[in-house]
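Enquirer: Sharing a structure below in structure tokens format, with a few things to ask.
The values are calculated or read from the model by the stated rules, or taken from the named source; none is laboratory data. These figures come from a predicted structure and were not determined experimentally. Note: ideal-geometry Cβ built from the backbone for every residue, glycine included; neighbour counts use all protein chains shown. Accessible surface is based on the protein model in full, side chains and every heavy atom, while ligands, DNA and RNA are left aside. Shrake-Rupley method; radii C 1.70, N 1.55, O 1.52, S 1.80 Å.
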Amino acid sequence: MRIGVIGAGFIGQAFARQVIAAGHDVMISNSRGPQTLSSIPPKIGAQIGSLHEAIGFGEIILIAIPFHQYATLPVEPLRDKIVLDANNYYPDRDGSIPELDERRATTSGLLAQHLTGSRLVKAFNAILASDRAKPAYCIPFDREGVRQALDEAQRDIDMPEGSWRR
């Protein structure tokens, strides 16, 4: 399968490494252009390209960019594509987004409103980049631990910043 990656940060690179190891072809891009990605192909074995080249290349597209940049994604080239949404909102990095701060919207909802016609799938947003290379999910739960944590989860209570880091 051919996969385009938009976002060459930790998540984009970790994802690319794994899918290349599984036998898929990857083209990775970022907003600054392919000339800024010269060190990535030797490290992970991906092709590099512009954002539009990566979109044209991929049957599936991974979006792993700072969330505040979501509205810069081109709509038409992503129409009818499967788009994996690995984005998270971090107000310190992204600035304040009132719809999210006031919980009137979700990151996936905003992205879906922007990328009309794309087949959006939320993926990898709760997995640390360093954990992409091993079977962990922020906090290493077994099946029963995941069920218990989900039963206890409350939508309107935020975890302390960084509490999920080891």
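Enquirer: Roughly speaking, what % of Cα-Cα pairs in segment 1-62 are separated by over 12 Å, rounded to a whole number? Mind showing how you got there, number by number?
Expert: Working: 1081 of 1891 pairs.
Here the tail beyond 12 Å accounts for 57 percent of pairs.
Enquirer: Please name which of Leu62, Tyr90, Pro74 has its Cα lying farthest along the dipole of segment 33-108 towards the positive end, using unit charges on Cβ (Lys, Arg +1; Asp, Glu -1) and the Cα centre as origin.
Expert: Positive-most Cα among the choices belongs to Leu62.
Enquirer: Which net charge results for the neighbourhood of His68, defined as the other residues with beta-carbon distances under 15 angstrom from its beta-carbon, given Lys and Arg at +1 and Asp and Glu at -1? Numbers along the way, then the final one.
Expert: Details: positive: Arg93; negative: Asp85, Asp92, Asp94, Glu99, Asp101.
Net charge in that neighbourhood comes out at -4.
Enquirer: Using a 1.4 Å probe, how large is the accessible area of Arg147, given in Å² and rounded to the nearest 10?
Expert: 130 Å²
Enquirer: Which value, in Å², gives the accessible area per residue of segment 13-134 when a 1.4 Å probe is used on the protein heavy atoms? Mind dumping the intermediate values first?
Expert: Values: 6020 Å² over 122 residues.
About 49 Å² of surface per residue is accessible.
Enquirer: Further question: Report, in debye and to the nearest 20, how large the dipole of segment 1-137 comes out about its Cα centre when Lys and Arg carry +1 and Asp and Glu carry -1 on their Cβ. Before the final figure, lay out the partial values.
Expert: Details: 13 positive and 12 negative charges, 66 e Å.
Once rounded to the nearest 20, the dipole reads 320 debye.
Enquirer: Please give the length that would be gained between Lys122 and Glu99 if that part of the chain were fully extended, namely 0.36 nm times their separation in residues minus their C-alpha to C-alpha distance (nm, one decimal). Provide the component values of the computation, followed by the final result.
Expert: Working: separation 23, 0.36 × 23 = 8.28 nm, distance 1.87 nm.
Residue separation times 0.36 nm, minus the Cα-Cα distance, leaves 6.4 nm.
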